[in-house]
Ligand SMILES: [Zn+2]
């Protein structure tokens, strides 16, 4: 994987968290807006410009800074000169209105934060997955066969759903949110193990995803990467706009795309939810998640 891509994927959790922060700072709007995430070199003059325009940022690896800015933002022109060494377009991300989200038949569930790391950090994949079908060159072909392990009870703050770092196709919730929102829709849960003692943690469960989308992802504008070793394909690149058309089986509310997403060594499935689960999550004000409309 190229350095730039490695950086992208490493930054992903931070960027997701950051964009949530930016949204909470008053850039809400009535129409679809496209945010771009940039991570140029953190020069003093760039930081001063960001601060002057009230744009939230975080410094990260390799002296780079990371921030989100919506198209049409008044600071856009002032910031462009600092992006020469960054991806020219940044990573585009579309923020949908409540009306659009409420009208969607299916949505992609995404985290608004990442919290903690699967244990043991140096070998969690072997501890959690059957990797007999997994290709080391592309990361595709894993199946969970043991509970996830965490270092301690999560520090939930005001949130009820989390995603672990590195594990982009699983979600975890508080037992209360599980009983209120997920269980009534027939979604099962799995225990999460305290790594040190081997006992189940009390304040977190894994949402058990056991269904798959019924239609393949198609679209002319999509980029596919074929693994040179196992020849399996994954959808690569970040897209703005809606997630490509997929459907879940009737009566299912939480499932994975059959396809993998990712780049280089990493691969995961997108998580798709039903309109009913979206309604329940918003009705109970569950925090820790964000949504993308499925075509
Ligand atoms: Zn492969």
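The values are calculated or read from the model by the stated rules, or taken from the named source; none is laboratory data. Here the structure is a predicted model, which is why all the values come from computation and not from measurement. No Cβ is skipped: glycine too gets one built from the backbone with ideal geometry, and neighbour counts run over all protein chains shown.
Residue-level check: of (1) within 16 Å of residue 253 (Cα to Cα); (2) assigned to a loop (DSSP other than H, G, I, E, B), residue 108 misses just (2). Only one of the listed residues (78, 146, 102, 48) is part of a helix (DSSP H, G or I) and modelled with pLDDT of 95 or more. That residue is 102.
To keep it simple, each residue is scored yes or no on (1) within 16 Å of the ligand (Cβ to nearest atom); (2) under 24 Å from residue 100 (Cβ atoms).
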| residue | (1), (2) |
| --- | --- |
| 179 | no, no |
| 196 | no, no |
| 211 | no, no |
| 236 | yes, no |
| 254 | no, yes |
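Only one of the numbered conditions (1) out of contact with any helix residue (DSSP H, G or I) (no Cβ under 9 Å at 6 or more places or on another chain); (2) within 21 Å of residue 288 (Cα to Cα); (3) without any contact (Cβ under 8 Å) to a residue 60 or more places away in the chain is violated by residue 188, and that is (1).
Please go through the stretch 112-137 and pick out each residue that is near the ligand (Cβ under 10 Å from one of its atoms) and at pLDDT 95 or above.
Within the stretch 112-137, 134, 135, 137 meet the criteria.
The single condition from (1) in contact with a strand residue (DSSP E or B) (Cβ under 7 Å, 6 or more places away or on another chain); (2) within 16 Å of the ligand (Cβ to nearest atom) that residue 227 fails is (1).
Of all the numbered requirements in (1) within 16 Å of the ligand (Cβ to nearest atom); (2) under 23 Å from residue 91 (Cβ atoms); (3) buried (at least 16 other Cβ atoms within 10 Å of the Cβ); (4) in contact (Cβ under 8 Å) with a residue 40 or more places away in the chain, residue 265 misses one, and that requirement is (3).
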